[in-house]
Amino acid sequence: MSEQDEVYSSKISYKGFFRFKDLYSFCYNWLSEEAGLSVDEGEYSEKISGPIKNISFKWTASKEVTDYFQFEVKLDFKVDELSEVEANIGGAKVKTNSGGVTIKVKASLVRDYEGKFETSGKMKLWRGIYEKWIISQRVSEFEDKLAGLADEFLSQAKAFLDLESANK
């Protein structure tokens with residue numbers, strides 16, 4: 001069984017104007033294209049009450065960094081009271097959305113994700129030695145890189161939302 005250490009956990013919240021479709025696309029594209037992660041949507045639910053929608057979805061984004069290490073980022077999106085509105089931009093009416101969004105991110109460094117060291121008790125012992133004495137520096141480097149990537153994603157998502165609201 002693989003070992004995994006959570007190296008990052010944070011969230012952002014935003015309330016105001018934004019285009020949900022654009023936010024969804026931006027987040028997906030940033031994770032897949034900028035970060036090189038493969039993104040899988042595990043859950044998606046919508047609750048509609050008249051003109052208001054509440055949307056919830058979860059993604060798992062991962063990337064095999066080496067044959068021993070894997071990055072795994074779990075994202076939890078909640079969109080509350082999403083409604084279609086018209087905003088006046090430069091004298092022109094534009095359709096957009098209004099509501100609140102919360103994005104939670106947890107990033108974990110997965111070690112021995114293929115379970116190569118799980119074949120026997122002796123191999124598990126070797127894994128402990130390998131991690132503590134041989135690759136301890138690499139573990140730290142990968143943890144820092146993954147935490148930086150997750151933090152950068154949240155910063156980019158926040159900047160996207162702030163930019164969207166500035167245009168309204």
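The values are calculated or read from the model by the stated rules, or taken from the named source; none is laboratory data. These numbers come from a predicted model, not from an experiment. Note: ideal-geometry Cβ built from the backbone for every residue, glycine included; neighbour counts use all protein chains shown.
Here the stretch 10-31 is the region considered, the condition is being part of a helix (DSSP H, G or I) and charged (D, E, K, R), and the residue that is farthest from Leu82 (Cα to Cα) is Asp22. Each residue in the stretch 1-43 was checked for being touching a Lys or Arg at 6+ places or on another chain (Cβ under 8 Å) and among the hydroxyl-bearing types (Ser, Thr, Tyr), and 6 pass. As for the stretch 74-96, it holds at least one residue that is among the small types (Gly, Ala, Ser), surrounded by fewer than 20 Cβ atoms within 10 Å (Cβ to Cβ), in contact with a Pro (Cβ under 7 Å, 6 or more places away or on another chain) and closer than 27 Å to Tyr14 by Cβ. Restricting attention to the stretch 10-21, the residues being in contact (Cβ under 8 Å) with a residue 60 or more places away in the chain and closer than 14 Å to Phe77 by Cα number 7. Kindly indicate whether any position in the stretch 69-91 is outside any strand (DSSP E or B), under 18 Å from the mean Cα position of the chain (by Cα) and at pLDDT 95 or above. No: zero hits. Residues that are assigned to a helix (DSSP H, G or I), more than 24 Å from Glu41 (Cβ to Cβ) and either touching a Leu at 6+ places or on another chain (Cβ under 7 Å) or among the basic types (Lys, Arg) (or both) occur in the stretch 102-123; there is at least one.
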